[in-house]
1. Hey, could you check the range A:31-63 for residues that are open to solvent by 10 Å² or more (accessible area, probe 1.4 Å) and β-branched (Val, Ile, Thr) and say which is nearest to the other protein chains (Cβ to nearest Cβ)?
2. Count, please, the residues in the range A:296-321 that happen to be at pLDDT 85 or above and outside any loop (DSSP other than H, G, I, E, B).
3. With in contact (Cβ under 8 Å) with a residue 24 or more places away in the chain, open to solvent by 10 Å² or more (accessible area, probe 1.4 Å), in the same structural domain as B:Leu256 (by TED's automatic domain parsing) and touching a helix residue (DSSP H, G or I) at 6+ places or on another chain (Cβ under 6 Å) as the only criterion, which of B:Gly319, B:Gly343 stands out?
4. Is it the case that some residue within the range B:410-420 is touching a strand residue (DSSP E or B) at 6+ places or on another chain (Cβ under 8 Å), part of a helix (DSSP H, G or I) and outside the structural domain of B:Val286 (by TED's automatic domain parsing)?
5. Out of B:Glu173, B:Glu180, I need the residue that is under 19 Å from B:Gln252 (Cα atoms) and not in a loop (DSSP other than H, G, I, E, B). Which one?
6. If B:Tyr220 passes every condition in (1) touching a strand residue (DSSP E or B) at 6+ places or on another chain (Cβ under 7 Å); (2) closer than 29 Å to B:Gly484 by Cα; (3) open to solvent by less than 40 Å² (accessible area, probe 1.4 Å); (4) hydroxyl-bearing (Ser, Thr, Tyr) but one, which one does it miss?
7. Those residues that are closer than 29 Å to B:Gln151 by Cβ and either touching a Cys at 6+ places or on another chain (Cβ under 7 Å) or buried (at least 18 other Cβ atoms within 10 Å of the Cβ) (or both), I need them from the range B:29-46; list them, please.
Amino acid sequence: MEKAVSYPEQLAPREQVDVARIEQELEELWREAESSGESVTRATAFNLVYFCARAHEADGQFIIPELALAHPTRSILVTLDEAAPPAERAWVTANCRRLEGENKQICSEAISLEIDGDATLRASSLIHSLTLGSLSTAVIWHHSLPLSHPLLALLADSVERVITCSVHENAPASSLKPWIEFYQQSAETCVVSDLLWAELSGWRGAVAELFDECPDVGPLREVRIHSTGDKTTAGALLVGAWIAGSLKWKMEGIALRGRRPVVECSNDHSIMFIPEGGASGEGVEFLFDNSNAAAVMRDGDNFSLTFQGRTRLARAKDQDIKTLLTHELHAWGRDNRLHSALSAAQLWLPKLLFS
Amino acid sequence: MSGNPFREGMLADSPTDPCALIIFGGTGDLARRKLFPCLMHLAREGRLSDKTVFLCVSRRPLDETSFRNDVIESARKFAPGSVPDEEFAKSFAARIFTVSDDTSFANLSKQLADLASLGGPRNHLFYLSIPPTGYAPTIHGLGQAGLANPQTGAWSRIIIEKPFGRDLKSARELNRAAAEVFQEEQIYRIDHYLGKETVQNILVLRLANTLFEPVWNHHYVDHVQITAAESLGVEERAQYYEESGALRDMIQNHLLQILAMIAMERPASLAAEAIRDEKRKVLEAVRPLEDISSLAVRAHYAAGAVTGKAVPGYLEENGVSKNSRTETFSALKLHIDNWRWTGVPFYLRTGKRLPKRVTEVAIVFRKVPHTVFAQSPVDKLDQNVLAIRIQPNEGISLKFEAKLPGHALHVRPVDMDFRYGTSFGGRISDAYERLMLDAMIGDQTLFARRDSVEEGWRIVQPVLNYWSSDKSEPLPQYVAGSWGPAEADAMLAADGRRWRKL
């Protein structure tokens, strides 16, 4: 198999180009590359559009060449500054990787756009004119821009994939509300995901690993989710909703046990949120009818998995933003587990916030 | 694991059960060049349980520390990137243990029991990476020691490297010996071609696209060519190769397995047995070879030049008998007698010292029934070809006719080309990674089942018999660096066809 070395190179220096001539400038770029005598292959599997606020431009400049190593795309980095006077500026280049053992570069076109002032309102049409029509388009929406931005709603109608970076798992559960709303509005027209859900894959994997040894969930009665801080966190809410969805537990109401909110489900099942964390820190406890107990707790770089008094460690794979996004861009189908978890979270959230 | 509701939708990411991987021949070339580097990649990606350990069984007692160092250094040499740093090297090396096979299988059993009693893995995966003559005695020894019978809640599996026998009779004997000790669902016959991404992609190409399946039959396909060409000679394997030859080494297993993936009916599901049932059915439908001289070609290479370097002929290679009649090139013409493929020949060829290393399946479609360009300069149209490149430049290309720009009607074949290397970046797993992982997970889809192995031998056995009895003339030769003997070209020419230029 062809193997790529793990560093990106750029084909041409960054020079500002006329926005109206971006396609011609890209053609010129390839002509120059071909005439240079070096073997260069232009590769594009899909369009990738990365939106962020101007102040966070460095994030996009870092991540796009990294993503190009795994996903050959026509990438468009769009930075917005709505407070500035209206303007549009553009640059073109190509992110390349060398094939191991071959004097050959695989290159992905990269366009950078700065869009200011009310020109941001027209950005959608400019992006559409620059995406390759025969290929799918994925949008990454950086957390520096609000999910309620009208541009995102416009894009969600016309692209195949939207990846948002809503909140960190330790943010309060209430901060998930805008994202759940965006998901509900957009999930019919495109595949929507969020890096918070991707971040939680370690927790989900650890819970699954725990139950590999005790797959009989019949006697399971209560789940307790411990999180840090004094409020139920976004991560805790999503993990709880995912567990309920996996177990097919349906909410019947929300109550308070002491100060702790409890989602009461059918057949006397319940999910309790314990925001203060407690001595054992973040984790999930499982209580069974037969007095058995099991738990997944965070223990430094590991998860500790306990069942029937025996504890073992499983390595926690904390993934950086590059790994998370690379993985997300491999998946173009709807994640039914996320869909189910969000359906539950959407029902729970108003009552949890009230409680 | 199937009852775990939390696993739904995440099976692909789950680490395997903890197990002890016991490699017979663990100090050999395959283990050092392939198996350990692959295990390292799997460990780095979190696909192996932290409790999985590796026991290397060797003929001579080994110093464990120096063997561990040797494994790490070999991985650095043969698989750059498999050892990212010293910390990983240390932690991986600590999972390797050595066992000398001058101790008895009972001792091995005791060591594994001791390991389990200390909290180590209770699952056992035995890997036979030893000369084939050692297969039956080793399997027997494992059985005698009770190692084929797992403890309650644990599993015991065995991976057997090819060759599975050297003819139909010995294959049946080996299968019988294995079946006396292990159940079929415990036996994993490895054919590394089936672990290659491009071979797995054959199923996806056929089952995930509406475009191809409707034309995947005798109504539209003229013939199929399967080529596995190597530019290397016999290198250090002369002793093995003299006993094997191209037909046994490549066609009986790799190429027939690929043929089965191409030609089988659509399985009802992706379950291992559903796929393996369809593969068995299509191999059963391969017409028995009768007129061998017109359906099979063999030859060995004469001195020539490959990639600009002069190379000796096969008979001049070290370790090769001067009177050898072992073929380094073989080609077969097969027919599949079923509804889908009636009348469609499958041409298979493989050889050493061919111009380049390339493995490809070409589906050559029928000519258009009527040429409407008769009054134009277009007097001949090429046939459409769907080429599945298995290695190198892994990918798929579709050749079709297109009009050249201009006033006159000139037509030229062009290619639509998909390449893994340009469409998907990142590292692509080695076939052994996938296969070892599948064996640990318990997925037999990509492993050869007993019946398909025996069918493979059933197909080639008449050729082996004919060739072993035919001592009349010297074996045909082809110049090293050419695409094989004239007889192979003549076999297709007799049908009005020719081999693809690769």
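The values are calculated or read from the model by the stated rules, or taken from the named source; none is laboratory data. Just so you know, these numbers come straight off a predicted model, no measurement behind them. Please note: Cβ atoms are built from the backbone with ideal geometry, for glycine as well, and neighbour counts cover all protein chains shown. Accessible surface areas use protein heavy atoms only, side chains included; no ligands, DNA or RNA. Shrake-Rupley method; radii C 1.70, N 1.55, O 1.52, S 1.80 Å.
1. It comes out as A:Thr41.
2. Residues meeting the conditions: 12.
3. Numbers: B:Gly343 fails: touching a helix residue (DSSP H, G or I) at 6+ places or on another chain (Cβ under 6 Å).
Selected residue: B:Gly319, the only one of B:Gly319, B:Gly343 that is in contact (Cβ under 8 Å) with a residue 24 or more places away in the chain, open to solvent by 10 Å² or more (accessible area, probe 1.4 Å), in the same structural domain as B:Leu256 (by TED's automatic domain parsing) and touching a helix residue (DSSP H, G or I) at 6+ places or on another chain (Cβ under 6 Å).
4. Within the range B:410-420 (the criterion being touching a strand residue (DSSP E or B) at 6+ places or on another chain (Cβ under 8 Å), part of a helix (DSSP H, G or I) and outside the structural domain of B:Val286 (by TED's automatic domain parsing)), the answer is yes, since at least one residue qualifies.
5. B:Glu173
6. (3)
7. Residues satisfying the conditions are B:Ala31, B:Leu35, B:Phe36, B:Cys38, B:Leu39, B:Met40, B:Leu42, B:Ala43.
Residue-wise test of (1) within 12 Å of chain B (Cβ to nearest Cβ); (2) closer than 30 Å to A:Pro65 by Cβ; (3) more than 26 Å from the chain's Cα centre (by Cα).
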{"residue": "A:Cys265", "(1), (2), (3)": "no, no, yes"}
{"residue": "A:Glu276", "(1), (2), (3)": "no, no, yes"}
{"residue": "A:Asn292", "(1), (2), (3)": "no, no, yes"}
{"residue": "A:Ala295", "(1), (2), (3)": "no, no, yes"}
{"residue": "A:Gly300", "(1), (2), (3)": "no, no, no"}
{"residue": "A:Arg312", "(1), (2), (3)": "yes, no, yes"}
{"residue": "A:Arg315", "(1), (2), (3)": "yes, yes, no"}
